[in-house]
1. Cβ-Cβ under 6 Å, sequence separation 6+ or interchain: first residue in region 363-392 and more than 16 Å from E131 (Cα to Cα), partner of a type in the set (F, W, Y) and modelled with pLDDT of 95 or more. Which pairs?
2. Of all the residues that make up region 176-208, how many are of a type in the set (K, R), without any contact (Cβ under 8 Å) to a residue 24 or more places away in the chain and out of contact with any strand residue (DSSP E or B) (no Cβ under 9 Å at 6 or more places or on another chain)?
3. Taking region 303-351, which residues are at pLDDT 95 or above, among the polar types (S, T, N, Q) and not in a strand (DSSP E or B)?
4. With respect to A286, is the statement that it is in contact (Cβ under 8 Å) with a residue 12 or more places away in the chain and either crowded, with 21+ Cβ neighbours inside 10 Å or farther than 21 Å from S334 by Cα (or both) true?
5. Only one residue in K303, K359, K281 is without any contact (Cβ under 8 Å) to a residue 40 or more places away in the chain, under 17 Å from E193 (Cβ atoms) and surrounded by 15 or more Cβ atoms within 10 Å (Cβ to Cβ). Which one?
6. Has region 118-131 got at least one residue that is among the aromatic types (F, W, Y), closer than 30 Å to P320 by Cα and either crowded, with 16+ Cβ neighbours inside 10 Å or in the same structural domain as D13 (by TED's automatic domain parsing) (or both)?
7. Name the pairs whose Cβ atoms lie under 6 Å apart, with the first residue in region 222-241 and over 18 Å from G261 (Cβ atoms), the second assigned to a strand (DSSP E or B) and not aromatic (F, W, Y), and 6 or more positions between them or separate chains?
Amino acid sequence: MLQGKEIICFANDWDGDPLSKKHIMKRLAQQNRILWVNSIGNRSPKINKKDLGRIFRKANQFFQGVREVEKNIYVFSPVMIPFYHSMAFRKANQLLLAAMIRRQLKRLGFSKPITWTFAPSSADVVGRLGESQVIYHCVDEFSAFSDAPQTAIQKMEETLLKKSDVVIVSASTLQESKRRWNPNTHLVRHGVEYDHFRKALDPATAIPPELAALPRPIIGFHGLVADWIDLPLIRKMAIQYPKWSIVLLGSATTDLSQIAGFKNVHLLGKRPYESLPSYCKGFDAAILPFVVNRLTLYANPLKLREYLAAGLPVVSTDLPEVRSLGGDIRIGRSHSGFIEQVADLVQKEGTGPSLARSKSMAQESWDHKVELLSMLIEKGALSREGDHSRASVISPISHLGPIGRIRPMK
């Protein structure tokens, strides 16, 4: 693992759900210091209650200054104006954000840090902070989000890709897309909190009462219920199998009217991350009912590995990263095909958590992934010191398979 480094991480808000960024940085913080820069946004704010609340919350966090949330992890919430269509606003943001971050770096005693960014919107400031190295870690096709300013995000991302010494992607489709702009692009798929989710197999783990009381089979999903969730599919499943209990755990950011009123659809809302293994223990099968579109074709959903680490059988829509993972995953290529797969699974096979399924994720842990990432970063640093071109840095590690196996370059 990397040791003795100082890292600037541009990511989502620290207080949000634990995504790949937090899993990675928490491990790196064991032997490095991290300045975590809370989200600087990928879109302009709207005049609505949600965005206004976020603006006030951001302002309050800014005036709190840097806070140490865990050992070696310092969180800073900058204030900026995310109007990316305007070059004047972008220039003003560049100067403002660079000045704010340099001030925090000085306070913390950071010198020649590594910038490790997950955010295309950081493109204008990256490279202006005295960095020793710039890493862009791309985990989504950001321009494909429904509320993103597509052209502006694409241009910022192209700039960031060209600035970066190393580019890391979490999906094979992202690798194909991003290496056009930077040939030193490497594929390292997401990991999983294996020890956490395998608690679903622990006899001491209790199924939450709100789940235990539901009729079986229980078909479960956990995660954000957003516009990439196929609600018409959920509706059809609820109508076709009224005796199934369909459970959706997570905050909702989209209109749920299509599935409202169904007695067998249970919208339980967001539950603490710590409690997810107990809910998984109560599921008979897990589902990934994503719409297939430009956003999801580039996605590598964390919950797939979490379901499997919990020992659950999974039914998913047909996505490239689902096919690459393999394991005990059934794929539905249409609404009827998806529902048939779930029906066949609950009728014919062992449902609920299985030790064999869980063990298939043992080598997919975040600990293992961070070791692989550290190897890439150290190799990139050596290449930069040797003044090699980006193209000369490419190695077979850029073709890491789903559990870290190294595939020969094609």
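The values are calculated or read from the model by the stated rules, or taken from the named source; none is laboratory data. Everything quoted here is computed from the prediction, not taken from an experiment. Cβ coordinates were reconstructed from backbone atoms using ideal geometry, including for glycine residues, and neighbour counts include every protein chain displayed.
1. S365/Y194
2. First, the residues of region 176-208 that are of a type in the set (K, R): 178-180, 189, 198-199.
Pick out the ones that are also without any contact (Cβ under 8 Å) to a residue 24 or more places away in the chain and you get 179-180.
Those still in the list that are out of contact with any strand residue (DSSP E or B) (no Cβ under 9 Å at 6 or more places or on another chain) too: 180.
Of the residues in that region, 1 qualify.
3. Passing the criteria: S334, S336, Q341.
4. Values: in contact (Cβ under 8 Å) with a residue 12 or more places away in the chain: yes; either crowded, with 21+ Cβ neighbours inside 10 Å or farther than 21 Å from S334 by Cα (or both): yes.
When the stated conditions are applied, A286 passes them.
5. Numbers: K303 fails: without any contact (Cβ under 8 Å) to a residue 40 or more places away in the chain; K281 fails: without any contact (Cβ under 8 Å) to a residue 40 or more places away in the chain.
Within the list K303, K359, K281, the selection yields K359.
6. Here is the first cut: in region 118-131, the residues among the aromatic types (F, W, Y) are 118.
Filter once more, keeping what is closer than 30 Å to P320 by Cα: 118.
Within this subset, residues satisfying the condition of being either crowded, with 16+ Cβ neighbours inside 10 Å or in the same structural domain as D13 (by TED's automatic domain parsing) (or both) are 118.
Scanning region 118-131, I find at least one residue that is among the aromatic types (F, W, Y), closer than 30 Å to P320 by Cα and either crowded, with 16+ Cβ neighbours inside 10 Å or in the same structural domain as D13 (by TED's automatic domain parsing) (or both), so the answer is yes.
7. Close Cβ pairs (under 6 Å, with a partner that is assigned to a strand (DSSP E or B) and not aromatic (F, W, Y)) amount to H222/L249.
Here is a yes/no grid of residues against (1) among the hydroxyl-bearing types (S, T, Y); (2) under 23 Å from A299 (Cβ atoms); (3) modelled with pLDDT of 95 or more; (4) not in a helix (DSSP H, G or I):
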{"residue": "G130", "(1), (2), (3), (4)": "no, no, yes, yes"}
{"residue": "V134", "(1), (2), (3), (4)": "no, no, yes, yes"}
{"residue": "E157", "(1), (2), (3), (4)": "no, yes, yes, no"}
{"residue": "Q175", "(1), (2), (3), (4)": "no, yes, yes, no"}
{"residue": "W181", "(1), (2), (3), (4)": "no, yes, yes, yes"}
{"residue": "H190", "(1), (2), (3), (4)": "no, yes, yes, yes"}
{"residue": "E210", "(1), (2), (3), (4)": "no, no, yes, no"}
{"residue": "I219", "(1), (2), (3), (4)": "no, yes, yes, yes"}
